[in-house]
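Below is one structure; the comments refer to it alone.
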Amino acid sequence: MQRNSTRSRFFTKAFAATAALTAALIASSALAGETLDKIKARGLIKVGVGTTPGFFTPDSSGRWQGFFVDFGRALAVTVFNDAEKVEFTNSSPQQRLPALQSGEFDILLSGVTQTVTRAFKLGFHFGPVVFYDGQGLLVRKDLGVAKGEELDGATIGVQSGTTGELNIADFFRKTGKTFTPVTIEETGEFLKALDSGRVDALTQDATDLAAKRTQLTKPDDYVLLPERLSKEPLAPAIRAGDDQWLEIVNWTVYATIQAEEFGITQKNVDSFLTSEDPGIKRFLGVDPSLGEAIGLDPKFAYNIVKAVGNYGEIFDRNVGKGTPLNFDRGYNQPWTAGGLLYSPPFR
């Protein structure tokens with residue numbers, strides 16, 4: 001009798017747990033598509049960005065340009081087949097995540113680092129990593145230092161509202177050295193602090209520091225140290241709870257990565273339309289079955305490449321060799337070239 005009672009309680013609890021899970025899934029599915037519905041009703045995608053030359057900055061006519069900006073335009077192509085149906089708004093590191101949470105933006109493409117705290121505690125979903133970065137140190141050359149631990153006792157500027165504050169503290173704690181942090185909120189003041197000698201060095205993502213170095217009064221008086229203090233995988237961020245929107249973001253990014261792996265570029269994409277490779281035919285929408293199955297324009301990947309190019313083209317024209325930032329591809333190469341970029345199969 002006792003055994004039957006115990007078994008009964010077990011099944012009662014199991015049923016209750018299953019019912020709760022089912023209710024949660026129903027509630028979650030009710031949210032699916034909400035962001036996309038708002039975007040389509042509005043007629044454009046709202047994107048939060050920063051202001052770092054090469055990554056996101058308005059040109060002399062006010063038109064936004066840059067690496068992350070191109071991914072925003074690619075997303076507009078996926079949704080509307082129109083790269084111009086997107087609105088970019090500058091948001092500071094302190095305000096960008098609250099603004100996303102409140103619905104001010106549909107997506108953040110502002111160089112946000114993917115972290116477990118931001119996923120679980122703050123409730124954000126992240127798309128694929130679009131830039132593998134790391135925190136660096138920009139220092140005055142006359143200090144004569146070659147690595148971070150030689151900055152023992154230095155005064156270092158760090159921008160508030162970023163992961164850099166914790167990373168620099170962890171770095172000096174591990175090395176057993178000391179430093180004096182100067183927390184700065186405004187980007188303009190961040191640069192002035194180094195230019196004026198208020199701080200000995202700045203610490204931030206290396207991508208940001210490389211761009212900021214070009215904005216200093218005498219860029220050649222400063223050097224970006226080669227070491228990286230952290231892993232900073234920069235990824236698109238959206239509010240949790242809308243799986244459909246997340247997958248649209250995912251596969252938009254993957255389309256640029258897969259195009260480069262196939263060797264498909266903005267200039268030669270049309271020549272691939274006659275390819276007999278079944279994978280390429282599905283990818284470009286010549287075989288429309290894939291697009292129809294997932295509810296997107298079968299030619300969405302073709303349209304993206306035609307409008308903004310593949311990942312390599314986006315990288316090279318904005319931040320690669322020959323640009324003021326002059327970045328090496330490094331980890332930001334296809335896996336076939338020794339990098340970390342890897343797209344799941346389009347099938």
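Yes/no matrix, rows are residues, columns are (1) free of Cβ contacts under 8 Å to residues at least 24 places away in the same chain; (2) out of contact with any strand residue (DSSP E or B) (no Cβ under 9 Å at 6 or more places or on another chain); (3) crowded, with 21+ Cβ neighbours inside 10 Å:
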position	(1), (2), (3)
ALA169	yes, no, no
PRO181	no, no, no
ALA206	no, no, yes
ARG213	no, no, no
LEU216	no, no, no
LEU224	no, no, no
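How many residues are over 28 Å from ARG42 (Cα atoms), in contact (Cβ under 8 Å) with a residue 24 or more places away in the chain and in a loop (DSSP other than H, G, I, E, B) if we restrict to the range 115-133?
Qualifying residue count, the range 115-133: 1.
Of LEU100, LEU137, which residue is in contact with an Asp or Glu (Cβ under 9 Å, 6 or more places away or on another chain), in a helix (DSSP H, G or I) and open to solvent by less than 40 Å² (accessible area, probe 1.4 Å)?
Matching residue, one of LEU100, LEU137: LEU100.
So which residues in the range 103-125 are open to solvent by 30 Å² or more (accessible area, probe 1.4 Å) and in contact with a Lys or Arg (Cβ under 9 Å, 6 or more places away or on another chain)?
GLY103, GLU104, HIS125, listed by residue number.
Could you list, in sequence order, the residues of the range 318-347 that are within 19 Å of ALA211 (Cα to Cα) and crowded, with 18+ Cβ neighbours inside 10 Å?
Within the range 318-347, ASN318, VAL319, GLY320, LEU325, PHE327, ARG329, ASN332 qualify.
Could you tell me which residue of the range 279-306 is farthest from TYR132 (Cα to Cα), considering only residues that are open to solvent by 50 Å² or more (accessible area, probe 1.4 Å) and of a type in the set (Gly, Ala, Ser)?
So, considering only residues that are open to solvent by 50 Å² or more (accessible area, probe 1.4 Å) and of a type in the set (Gly, Ala, Ser), the one farthest from TYR132 (Cα to Cα) is SER289.
Pick from ILE264, ILE238: which is open to solvent by less than 60 Å² (accessible area, probe 1.4 Å), assigned to a loop (DSSP other than H, G, I, E, B), in contact (Cβ under 8 Å) with a residue 12 or more places away in the chain and of a type in the set (A, V, I, L, M)?
Of the residues listed, the single one that is open to solvent by less than 60 Å² (accessible area, probe 1.4 Å), assigned to a loop (DSSP other than H, G, I, E, B), in contact (Cβ under 8 Å) with a residue 12 or more places away in the chain and of a type in the set (A, V, I, L, M) is ILE264.
Is there a residue in the range 67-83 that is among the small types (Gly, Ala, Ser) and open to solvent by 10 Å² or more (accessible area, probe 1.4 Å)?
yes
Looking at GLU84 and the list (1) part of a helix (DSSP H, G or I); (2) among the acidic types (Asp, Glu); (3) over 15 Å from the mean Cα position of the chain (by Cα), which single condition is not satisfied?
If we test GLU84 against (1) part of a helix (DSSP H, G or I); (2) among the acidic types (Asp, Glu); (3) over 15 Å from the mean Cα position of the chain (by Cα), just (1) comes out false.
Assigned to a loop (DSSP other than H, G, I, E, B) and polar (S, T, N, Q): which single residue out of THR183, THR162 fits that description?
THR162
Can we say THR265 is out of contact with any helix residue (DSSP H, G or I) (no Cβ under 9 Å at 6 or more places or on another chain) and farther than 21 Å from ILE39 by Cβ?
Judged against the criteria, THR265 is not a match.
The values are calculated or read from the model by the stated rules, or taken from the named source; none is laboratory data. All of these numbers come straight from a predicted model, not from anything done at the bench. Reconstructed Cβ throughout: ideal geometry from the backbone, glycine too, with neighbour counts over all protein chains shown. Accessible surface areas use protein heavy atoms only, side chains included; no ligands, DNA or RNA. Shrake-Rupley method; radii C 1.70, N 1.55, O 1.52, S 1.80 Å.
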